[in-house]
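Below: one structure, written as structure tokens.
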Amino acid sequence: MGGNDYILPVLPDYNRLLLPYLEAENSGLAGLLKSFMARLFPSSASLIELPSAPLSNELLTSFRGWINAKLPSPSMATTAFISTYLDDIGGEALVKGQRPEPGQMPQAGQWFLHVSFEDAGGTAEISSLVACHWMDIWWRENKTKIGREILAPHGVWPSDPDESPARYGLFFPVDKFGYALYLPPGKEIKTPEGNLSFMLDGWLEDYHSPEETAEIHRSLKSGVPVQLSEGKCLCQLCAESA
Ligand SMILES: [Zn+2]
């Protein structure tokens with residue numbers, strides 16, 4: 001599955017999450033199968049993915065609620081992004097990490113909460129980046145609350161949060177086409193008709209007529225908003241907080 005992940009360093013509660021997982025893994029037929037697979041693929045045996053569906057649901061529901069509260073008047077691009085991507089494809093939160101040595105506790109720096117935003121077979125790459133960008137803003141604004149009210153009750157503790165903002169790119173609204181990713185000088189896409197300094201989701205062609213898509217490409221080719229070259233993101237969340 002492709003897409004982009006928003007990744008947070010965490011520690012899983014050993015007694016509550018990891019121990020039951022390891023015990024279940026080592027019992028019965030599953031245990032036999034696991035030791036057989038571990039002999040075949042030694043490296044894969046060191047990584048663990050804990051079941052985290054309830055945490056995933058709660059985290060993503062809370063994230064969606066925050067967007068609604070933050071953007072009471074969503075722009076056309078925001079509405080398109082939410083309805084075609086976030087509510088339809090969206091993401092999943094998974095707790096993944098390194099299997100501790102026998103008798104050892106899970107180690108900081110080896111466990112992460114991955115919020116994986118699907119890219120629908122490569123056709124929603126830009127939307128999955130916007131989703132990561134918005135989740136990063138959500139996390140930075142609310143990390144204490146999210147840690148206390150959502151992660152901790154599920155036995156997951158944020159650890160060593162990285163303070164530097166994650167970079168997923170600069171975005172700008174393209175009305176009903178959602179958000180486009182800005183491609184800075186040197187990163188443009190070369191086409192026979194000239195360089196493109198933006199990228200849109202591939203699936204837009206499925207949603208709109210070829211004429212409409214060609215029209216938007218023509219209008220953007222003459223230039224993207226100048227603030228982007230100054231490093232300013234023009235997504236609605238960034239624009240309204242600037
Ligand atoms: Zn932004």
Practice problem: List, in the order given, every pair from K96/K145; K145/K232; K96/K221 whose Cα-Cα distance in the structure shown is over 32 Å. | Solution: K96/K221
Quiz item: Using a cut-off of 20 Å between alpha-carbon atoms, which aspartates and glutamates can reach K187, once sequence neighbours fewer than 8 places away in the same chain are excluded?
Solution: E125, D201, E230
Practice problem: Run the numbers on segment 171-241 and let me know its relative contact order in percent, using alpha-carbon pairs under 8 Å that are six or more apart. | Solution: 32 percent
Self-check item: Estimated FRET transfer efficiency when R0 is 22 angstrom, pair T191-D88 (beta carbons, to 0.05)
Solution: 0.15
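Would you calculate a helix-derived [θ] at 222 nm for the chain, using -39,500 (n - 2.57) for each DSSP H run of n ≥ 4 and dividing by the full residue count, to the nearest 500?
One gets -11000 deg cm²/dmol as the mean residue ellipticity at 222 nm.
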Exercise. Work out the FRET efficiency for W157 and E211 from their Cβ-Cβ distance, taking R0 = 51 Å, and round it to the nearest 0.05.
Key: 0.45
Quiz item: With a 10 Å Cβ neighbour count serving as the proxy for reagent exposure, in which order, fewest first, do M37, M199 appear?
Solution: M37, M199
Practice problem: Treating the Cα atoms of segment 171-241 as identical point scatterers in vacuum, please give the log10 of the normalised Debye intensity I(q)/I(0) at q = 0.28 Å⁻¹, two decimals. | Solution: -1.43
Quiz item: Any idea how far apart N142 and F36 come out in nm if each label point goes 7 Å out from Cα toward Cβ?
Solution: 4.6 nm
Quiz prompt | Equivalent-ellipsoid semi-axes of segment 75-181, from the Cα gyration tensor, Å, largest first | solution = 31, 15, 13
Self-check item: For the chain, Cys with no neighbouring Cys Cβ under 4.7 Å
Solution: C132, C235
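Can you sort K176, K190 by how many other beta carbons sit within 10 Å, fewest first?
K190, K176
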Self-check item: At R0 = 25 Å, FRET efficiency that the Cβ-Cβ distance of A69 and I7 yields, to 0.05
Solution: 0.50
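Apply the membrane-span-like helix rule to the chain: whole DSSP H runs, Cα extent along the own long axis of at least 18 Å, mean Kyte-Doolittle hydropathy at least 1.0. List the helices found.
28-40
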Quiz prompt | Straight-distance crosslink candidates among aspartates and glutamates, where the alpha carbon sits under 16 Å from K143 and sequence neighbours closer than 8 are dropped | solution = E58, D160, D162, E163
Quiz item: Which of the GluC sites (Glu not before Pro) across segment 139-242 are loop residues per DSSP, with 15 or fewer other Cβ within 10 Å?
Solution: E163, E188, E193
Quiz prompt | Likely footprinting exposure, Y168, Y179, Y6, fewest C-beta neighbours within 10 Å first | solution = Y168, Y6, Y179
Quiz item: How far apart, in nm, are the 7 Å Cα→Cβ label points at A166 and E230?
Solution: 2.8 nm
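FYI, it's all coordinate maths here, none of it is from the lab. Because the structure is predicted, anything quoted here is derived from the model rather than measured. Quick reminder, even Gly has a Cβ in these numbers, built from the backbone with ideal geometry, and neighbours come from all protein chains shown.
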